[in-house]
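What follows is a set of notes on a single structure, which appears directly below.
No value in this document is a laboratory result; all are computed from the given coordinates. Predicted model, so just to flag it, every value in this text is computed and none were measured. Neighbour counts run over all protein chains shown; Cβ positions are idealised from the backbone, glycine included.
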Amino acid sequence: MSWLYLILAIVFEVTGTTAMKLSDGFQHPLPSITVFVCYGCSIGLLTLAVRSIDISVAYAIWSALGMTLIALIGIVWFKEPATIAKLVSIGVITLGVVGLNFSERLSGG
């Protein structure tokens with residue numbers, strides 16, 4: 001169940017961050033409210049996830065996958081440039097998350 005909480009925490013964090021861009025500096029009410037609701041849900045779910053997942057692993061996965069997904073949303077939805085450096089960095093982050101997940105499973109977590 002903790003992994004489900006972590007996945008949901010990531011989804012809420014990414015949604016909140018996307019809403020942050022859409023709020024245009026808190027100029028639009030609905031995206032602005034969405035930022036706070038989603039970040040609150042994300043932190044709450046992350047708190048539930050770390051009851052069973054090591055905080056070092058959970059937080060690293062939460063932040064790394066959040067950054068990766070936001071970078072991809074920026075490229076696809078907001079038409080941000082997809083530079084080689086950005087794409088390589090996303091790949092390195094992804095490898096790091098896979099490595100953390102693999103190390104967690106090897107240690108019996």
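Specify the residue that is surrounded by the most Cβ atoms within 10 Å (Cβ to Cβ); the eligible residues are those in region 14-39 that are touching a Phe, Trp or Tyr at 6+ places or on another chain (Cβ under 7 Å) and not hydrophobic (A, V, I, L, M, F, W, C). Checked region 14-39; the qualifying residue surrounded by the most Cβ atoms within 10 Å (Cβ to Cβ) is 16. Evaluated against (1) more than 21 Å from residue 107 (Cα to Cα); (2) without any contact (Cβ under 8 Å) to a residue 12 or more places away in the chain, residue 23 falls short on exactly one condition, (2). Selection of region 40-85 for residues being in a loop (DSSP other than H, G, I, E, B) and surrounded by 15 or more Cβ atoms within 10 Å (Cβ to Cβ) yields 50, 53. If you go through region 1-34 and keep only what is assigned to a helix (DSSP H, G or I), of a type in the set (A, V, I, L, M, F, W, C) and farther than 19 Å from residue 64 by Cα, you end up with 22, 30, 33.
Within the set of pairs 6+ apart or on separate chains, which have a first residue in region 65-82 that is under 11 Å from residue 21 (Cα atoms), a second that is assigned to a loop (DSSP other than H, G, I, E, B), and C-beta atoms under 6 Å apart? From residues that are under 11 Å from residue 21 (Cα atoms), the pairs are 74/80. Per the listing 103, 89, the residue uniquely assigned to a helix (DSSP H, G or I), surrounded by 14 or more Cβ atoms within 10 Å (Cβ to Cβ) and hydroxyl-bearing (Ser, Thr, Tyr) is 89. The lone criterion from (1) within 28 Å of residue 103 (Cα to Cα); (2) among the polar types (S, T, N, Q); (3) in contact with a Pro (Cβ under 9 Å, 6 or more places away or on another chain) left unmet by residue 18 is number (1).
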